[in-house]
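Below is one structure; the comments refer to it alone.
Read-outs: derived from the displayed coordinates by stated rules, not from any lab. Since the model is a prediction, treat every value here as computed from it, not as a measurement. Every residue, glycine among them, receives a Cβ derived from its backbone with ideal geometry; neighbour counts consider all protein chains shown.
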2 protein chains.
Amino acid sequence: MDLRHLRYFVAVAEEENIGRAAARLHISQPPLTRQIQQLEEELGVTLFIRTPRGMELTQAGELFLEEARNIRSLVEQATERTQRADQGKLGRLDVAIFGSAILDAIPKLLLAFRNHHPDVKVVLHTMTKAEQIEALRQRRISVGFNRMLTPLEDIGVQQVAIEDLLLAIHADHPLARQPSIRFADLQDHPMVLFPTGARPSFIDRVIGLCSESGFQPQISQEVGDAVTGVALVAGGFGVCLVPESATTLQFPSVVYLPLTDTPPNFHVDLSCIYRKNDQSPILAAFLETVEEYKKTSPGSRR
Amino acid sequence: MDLRHLRYFVAVAEEENIGRAAARLHISQPPLTRQIQQLEEELGVTLFIRTPRGMELTQAGELFLEEARNIRSLVEQATERTQRADQGKLGRLDVAIFGSAILDAIPKLLLAFRNHHPDVKVVLHTMTKAEQIEALRQRRISVGFNRMLTPLEDIGVQQVAIEDLLLAIHADHPLARQPSIRFADLQDHPMVLFPTGARPSFIDRVIGLCSESGFQPQISQEVGDAVTGVALVAGGFGVCLVPESATTLQFPSVVYLPLTDTPPNFHVDLSCIYRKNDQSPILAAFLETVEEYKKTSPGSRR
DNA sequence: TTCGATCATACCCAGAAGGTATTGGTGAGG
DNA sequence: CCTCACCAATACCTTCTGGGTATGATCGAA
């Protein structure tokens, strides 16, 4: 059986007349007769009763008509959906994020992507940097978000944003009384650092910036992510350098202050990583959305 | 696109290798390559990425694989269901019954048919004799049950059962005290007759039997069906001749008694009617069940 | 570098789909 | 009652396409 048989059968069933059906199908009558005969023979079922006035469906034919229409519409849907999938408009994208990256940029990015590709199901996974790279290689995810990423042989990097660093500090802290805080003044104050885990990370960036300013930070506590870090600041464990997107975390007793006399390039990046050889149209569409986001959100990059 | 394309595509997708897939399909490799290329071209979508180790599905290909499997299984189901419909094992049978025919034979018959053809949906309609014939001609029903039917040009009749006639009589009625009741003794007692409506009917049979015995019945009341008739007997309106299947109606004050000295052929038939030119396998199966029923229920015919 | 595995291409053949002409059967109208 | 119109079926031819064989191109492993 062929899809052609179904197309022909539906035409004959609807016209109840082989000649008219043949005209509608742009073929002549005899081949159509033969195709219908073939179909009946293959099924072993009489689908039509031939009358001098035309073709009339049997009960089995009625049923087969329903089925044939179903199949034809399913075929149509299949091609259409496949084409949409090919254009990256249908499917699934597995995205890894890190502990506190749910702030600011990423939600906006995902929202923008959703708007352009409403039928792509975005699945979020929380992973550390090392887990992300492993999951990328195992194809469990297609995109990972993180900071301080370096390109690898098989892993591409695309920058999403560059953020200023701010100081999260307790409102009652002595430094918080000053009109402005010089970066080097942090030397004498215990500091909360994050994240623990795979190096190099944001921790190394902070320590590097301190040493550029000529001091070693007093480490009060190392924690897993920015959320925990700011929570410890609220609990009086010290101060904490955070990316500006952390300001979406509002604690009653924590204020975010800019720093002066900072070393050059007092920023931290947010980037995404992906398999370089990933041909997926969905990934291409996603990276395009990232590019678009960078252009339309100049406030979050320097 | 063809069902062949789908079959080939699924094979290649499953084997991830054109050569092996070709072997599985019992064709050589080059035609298979070409068919896959055709499919991709027609869809305008790259379904596979060719690697030196074989064929790997793209994301769009993964989706199309699901769809292709769906379609193929639907095609399989369609042929199977159509064949079952052709054998009268799947479909719908519209059956008309008359007022009180729901007694005895018809439920048993329908039950037997259900057992042999569980996927045929039997739909019951209550209709008078005239309505049944009109509905048959308009193809709204396929079978009708009634009594006293005569074959017509386009309508076939098949007898289902022949029932004895009994007298429904109030337990306190004077005649009910006698050891046996002679039919002619009904002459002096008012009688409830049914059904009203299209003639000839059961009414005419009863009147005919009376005149064969040499009397005219005293008509107490004409009612629509046996159920109402027996109810009036219970209410003291008189006696009522009923087919023996009416004994399934048990009223506390009504008894059913046989009659003696009856004219010959003191019976009434129950038959079904159908379109003579109806080729439906379901009807054929139903009439066969009727035939079977007559053989296995000798008690209900004489 | 060579060999083996894999997919792609070139070319041929056979079978099947489609076309034209005609037959057979049935019902409406003169 | 006959004829014509209409419809499906058949016969036969043509064309197209799916499948076969032989071969090429590419890449990875030995």
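Looking at the protein assembly as shown, what % of its DSSP beta bridges pair antiparallel, to the nearest 5?
Values: 48 of 82 bridges.
Of those bridges, close to 60 percent are antiparallel.
Which residues among the range A:71-109 fall inside the zone where the amide N is under 17 Å from a point 7 Å beyond the Cα of residue A:24, along Cα→Cβ?
Residues A:71-73 fall inside that zone.
Once fully extended, how much extra length lies between residue B:171 and residue B:53, figured as 0.36 nm per residue of separation less the alpha-carbon to alpha-carbon distance? Before the final figure, lay out the partial values.
Values: separation 118, 0.36 × 118 = 42.48 nm, distance 9.37 nm.
Contour length minus the Cα-Cα distance gives 33.1 nm.
Kirkwood-based Rg over Rh for chain A (C-alpha set), two decimals?
Values: Rg = 32.0 Å, Rh = 24.0 Å.
Radius of gyration over Kirkwood radius for chain A works out to 1.33.
Number of Lys pairs in the protein assembly as shown with C-alpha atoms less than 19 angstrom apart, excluding same-chain neighbours closer than eight positions?
12
Under the convention of a label 7 Å out along Cα→Cβ, give the distances in nm from residue A:44 to the same position in every other copy, shortest first.
4.2
How high is the relative contact order of the range B:3-86, given as a whole-number percent (alpha carbon pairs under 8 Å, six or more residues apart)?
On the way: 73 pairs, mean separation 24.2, N = 84.
Once normalised by length, the contact order is 29 percent.
Which distances in nm, rounded to one decimal and ordered from shortest, link the label point of residue A:112 to the equivalent label points in the other identical copies, with labels set 7 Å from Cα toward Cβ?
Relative to the other copies, residue A:112 has label-point distances of 7.6 nm.
Using a label position 7 Å from Cα in the Cα→Cβ direction, what is the ascending list of nm distances from residue A:159 to the same site in the other copies?
Label point to label point, same position, other copies: 10.0 nm.
Indicate, rounded to the nearest 5 percent, the antiparallel portion of the DSSP beta bridges found entirely in the range A:169-302.
Working: 2 of 9 bridges.
Around 20 percent of the beta bridges assigned by DSSP in the range A:169-302 are antiparallel ones.
Normalised by the empirical 2.2 N^0.38 Å for globular proteins, what value does the Cα Rg of the range A:242-285 take? Walk me through the numbers before you get to the answer.
Details: Rg = 17.6 Å, N = 44, 2.2 N^0.38 = 9.3 Å.
Working it through for the range A:242-285, the quotient is 1.90.
Stick to the Cα atoms of the range B:113-167, pair each with every other, and give me the Kirkwood hydrodynamic radius in Å at one decimal.
On the way: mean 1/r = 0.0752 Å⁻¹.
One over the average 1/r among Cα pairs gives 13.3 Å for the range B:113-167.
May I ask what percent, to the nearest 5, of DSSP beta bridges between residues of chain B are antiparallel?
Values: 24 of 41 bridges.
Here the share of antiparallel DSSP bridges comes out near 60 percent.
Taking the Kirkwood radius as the inverse of the mean 1/r across Cα pairs, report the Rg/Rh of the range B:49-113.
Numbers: Rg = 24.3 Å, Rh = 16.7 Å.
Rg/Rh: 1.46.
Express the Stokes-Einstein translational diffusion coefficient of the range B:162-215 in µm² s⁻¹, to the nearest whole number, given a Kirkwood radius over alpha-carbon pairs, 20 °C and a viscosity of 1.002 mPa s. Present the calculation step by step, with values, prior to reporting the outcome.
Numbers: Rh = 12.6 Å.
The Stokes-Einstein estimate is 170 µm²/s.
Give the shape of the range A:96-192 as rounded, prolate or oblate, defined through the alpha-carbon gyration tensor: a ≥ b ≥ c are the square roots of its eigenvalues, a/c under 1.5 means rounded, and otherwise the shape is prolate if a/b is larger than b/c and oblate if not. Show your work: numbers first, answer last.
On the way: a/c = 2.95, a/b = 1.99, b/c = 1.48.
Prolate shape, in that a/c is at least 1.5 and a/b is the bigger ratio.
At a 10 Å Cβ-Cβ cut-off, how would you order A:251, B:145, B:237, B:183, fewest neighbours first?
Numbers: A:251 14, B:145 24, B:237 17, B:183 20.
By the 10 Å Cβ count, ascending, the order reads A:251, B:237, B:183, B:145.
When the convex hull of the Cα atoms of the protein assembly as shown is projected onto a plane and the area is averaged over all directions, what value comes out in nm²?
Over all viewing directions, the protein assembly as shown projects a mean Cα-hull area of 46.1 nm².
Would you report the distance distribution of C-alpha pairs in the range B:3-86 as whole percents per 5 angstrom bin, up to the bin with the largest distance?
Pairs per bin, as whole percents: 3, 15, 24, 23, 16, 8, 6, 4, 1, 0.
Please give the FRET efficiency for residue A:227 paired with residue A:139, using the beta carbon to beta carbon distance and R0 = 25 Å, rounded to the nearest 0.05. Provide the component values of the computation, followed by the final result.
On the way: r = 30 Å, r/R0 = 1.19.
Calculated transfer efficiency: 0.25.
How far is helix A:281-296 tilted, in degrees, relative to the longest principal axis of the Cα atoms in chain A, given as a value from 0 to 90 rounded to the nearest 10?
Roughly 40 degrees, rounded to the nearest 10.
Find, among the trypsin sites (Lys or Arg not before Pro) in the range B:22-103, those assigned to loop by DSSP (not H, G, I, E, B) with at most 12 other beta-carbon atoms within 10 angstrom.
Values: sites: B:24, B:34, B:50, B:53, B:69, B:72, B:81, B:84, B:89, B:92; in loops: B:53, B:89.
Within the range B:22-103, the qualifying trypsin sites (Lys or Arg not before Pro) (loop, at most 12 other Cβ atoms within 10 Å) are B:53.
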